[in-house]
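For reference, the structure discussed in these notes is given below.
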Amino acid sequence: MTDYLTGEPQRRGRIEVVCGSMFSGKTEELIRRMRRAEFARQSVEIFKPAIDTRYSPDDVVSHDRHSIRSTPIDTSAQILLLAEGIDVVGIDEAQFFDDGLPDVCNQLANKGTRVIVAGLDMDFKGVPFGPIPALCAIADDVTKVHAICVRCGALAYVSHRTVAGDKRVMLGEAMEYEPLCRECYIKATSGEGHGKP
């Protein structure tokens, strides 16, 4: 396996995290990296939480409709069983997995597998989400991607929920969430930002 950063001709395990708000291109970047691994004739396997059926029950699909085949699973422990001997493992929507995911990723990386994880770093309240903070801490590489604030055009900070509900996990798209910068998010959540300009 060739390391994609240095080109060294040996198999090296590593953990790469791609995180940010909704609509920032996390899944697009995951798909791009997985496709490059496929082109390099590496064996790849992509996992996603079984609860994520927004675009497809089986595929990982970005908001702009690029897709790649995946295996839906219920727990992070299943990854270890299904990824045996795989060169590159991709994990999408990692924030929805259990707290065992960082250990699973470490075990894979320690065995020489390249692990690429994509997920929301914060929930709609701006609180660190699921296992993503722990994954960022143990990752060899962290890429934070940004959407554009729909209210002012600055770099987005968080995914603001536009519909009622306090449940942390609520699958949605543009009808339920909007990317906002820090300033617009503060205005929106303090009652100043009703309606879009």
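Bear in mind that the values in this text are calculations on the coordinates, not laboratory data. As the structure is a computational prediction, the values presented were derived from the model and not from experiment. For neighbour counting, all protein chains shown are included, and Cβ atoms are generated from backbone atoms with ideal geometry for every residue, glycine included.
Per-residue Karplus couplings for the range 82-91, computed as 6.51 cos²θ - 1.76 cosθ + 1.60 with θ equal to phi - 60°, are listed in order as 8, 9, 4, x, 7, 6, 10, 10, x, 9 Hz, Gly and Pro entered as x.
Once the piece of chain linking Ile51 and Leu82 is laid out straight, how much longer is it, given 0.36 nm per residue of separation minus the C-alpha distance between them?
Values: separation 31, 0.36 × 31 = 11.16 nm, distance 1.82 nm.
Value of the extension gain: 9.3 nm.
Using 1/(1 + (r/R0)^6) with R0 = 22 angstrom and r between the beta carbons of Val127 and Asn106, what's the FRET efficiency to the nearest 0.05?
Values: r = 24 Å, r/R0 = 1.09.
The value I calculate is 0.35.
Near Tyr177, the amide H atoms lying under 5 Å from its own belong to Thr162; only residues 5 or more places off or on other chains count, and H is placed 1.01 Å from N. Once backbone amide H atoms are built at 1.01 Å from N, Thr71 has Ile46, Phe47, Lys48 as its partners under 5 Å, excluding neighbours fewer than 5 places away on the same chain.
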